[in-house]
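A.B. asks: Below: one structure in structure tokens.
The values are calculated or read from the model by the stated rules, or taken from the named source; none is laboratory data. Note that this is a predicted model, so its numbers are computed, not measured. Heads up, the Cβs are rebuilt from the backbone with ideal geometry, glycines too, and the neighbour counts pull from every protein chain shown.
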Amino acid sequence: MLEIVINANKLPHGAVRSVRLAIAWIDVQDLEGLTHIELVDKVPKPTDSAPQDIKSAFDEGYGIYGVYHRGSKSTSPYITLHIRDIYRGLPRIFWWTTAPNLLISYTLAHEVGHHVSGKSCYANTSSGRRKLAEYEEAFANRYAFSVQKRMKEKWYYKFAEWLIRNLAQWQYNLGIHAWRRHKYEEAAIHWYIAWSWDPDLSEAANWYWKARELSASNKILGQERADTASRLTNPE
Ligand SMILES: [Zn+2]
């Protein structure tokens with residue numbers, strides 16, 4: 001069985017069990033070649049050679065749910081799950097439901113999707129690599145989707161999905177409250193969570209980008225400009 005390595009000071013209760021349950025939904029063949037699943041509560045600073053999206057997500061301090069580490073000549077591939085980010089925004093009482101299993105499973109299956117697609121193709125030109133990265137990302141999303149689809153055939157994961165959608169709406173509303181108090185960075189985080197929990201909540205995505213822009217310009221130009229901007233547009 002795939003080993004779980006814990007590199008975290010404190011994990012939410014039941015997290016390791018949820019990871020095991022999530023692994024059980026993945027085809028054993030697809031896990032072949034992976035040495036372990038690492039659970040962390042803090043993402044280590046990405047190296048210079050890490051992909052740009054990982055680096056910028058790290059700089060902003062949120063939004064890295066998992067990383068697939070490709071093997072090299074001297075290292076074997078493995079997956080890191082950023083448990084603190086996966087649980088971010090999830091009220092403690094929901095730790096005891098099937099909701100965290102489904103959230104963990106989405107990230108895990110996505111990273112396994114990278115592993116599965118990465119095993120079969122190679123590219124050497126830079127445009128070839130870019131195309132391959134896009135293809136791989138789409139493949140990873142489809143792979144995660146198909147695992148979730150099988151899970152949701154069980155009523156308890158269907159229920160988890162319903163819980164998560166409701167929590168996404170709640171996070172969306174928290175974003176609105178934060179926005180009205182001119183806390184744009186906080187609003188961006190709530191909307192980011194809402195959007196990742198319910199990808200159909202496209203207004204969360206729109207407001208997330210606006211809040212990010214405002215929190216960035218806030219940092220540069222001070223409160224005044226953002227105040228003006230927030231009077232011009234307000235989410236309802
Ligand atoms: Zn990916």
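For every residue, the table says whether it meets (1) within 16 Å of the ligand (Cβ to nearest atom); (2) touching a strand residue (DSSP E or B) at 6+ places or on another chain (Cβ under 9 Å); (3) in contact (Cβ under 8 Å) with a residue 40 or more places away in the chain.
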| residue | (1), (2), (3) |
| --- | --- |
| 136 | yes, no, no |
| 148 | yes, no, yes |
| 164 | no, no, yes |
| 171 | no, no, yes |
| 175 | no, no, yes |
| 179 | no, no, yes |
| 184 | no, no, yes |
| 188 | no, no, no |
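Per-residue answers, yes or no, for (1) at pLDDT below 95; (2) outside any helix (DSSP H, G or I):
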{"site": "17", "(1), (2)": "no, no"}
{"site": "22", "(1), (2)": "no, no"}
{"site": "26", "(1), (2)": "no, yes"}
{"site": "29", "(1), (2)": "no, no"}
{"site": "39", "(1), (2)": "no, yes"}
{"site": "47", "(1), (2)": "yes, yes"}
{"site": "58", "(1), (2)": "yes, no"}
{"site": "71", "(1), (2)": "yes, yes"}
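A.B. asks: I would also like to ask the following. Within the set of pairs 6+ apart or on separate chains, which have a first residue in the stretch 190-204 that is touching a residue at least 60 places away in the same chain (Cβ under 8 Å), a second that is part of a helix (DSSP H, G or I) and surrounded by fewer than 19 Cβ atoms within 10 Å (Cβ to Cβ), and C-beta atoms under 6 Å apart?
C.D. replies: 190/174
A.B. asks: Residues in the stretch 5-30 that are surrounded by 15 or more Cβ atoms within 10 Å (Cβ to Cβ) and more than 19 Å from the chain's Cα centre (by Cα): how many?
C.D. replies: Here the count works out to 1.
A.B. asks: Then there is this: Can you find a residue that is part of a helix (DSSP H, G or I) and either touching a helix residue (DSSP H, G or I) at 6+ places or on another chain (Cβ under 8 Å) or modelled with pLDDT of 90 or more (or both) anywhere in the stretch 118-133?
C.D. replies: Let us first name the residues in the stretch 118-133 that are part of a helix (DSSP H, G or I), namely 118-120, 126-133.
Narrowing the set further to residues that are either touching a helix residue (DSSP H, G or I) at 6+ places or on another chain (Cβ under 8 Å) or modelled with pLDDT of 90 or more (or both) leaves 118.
Yes, the conditions are met somewhere in the stretch 118-133.
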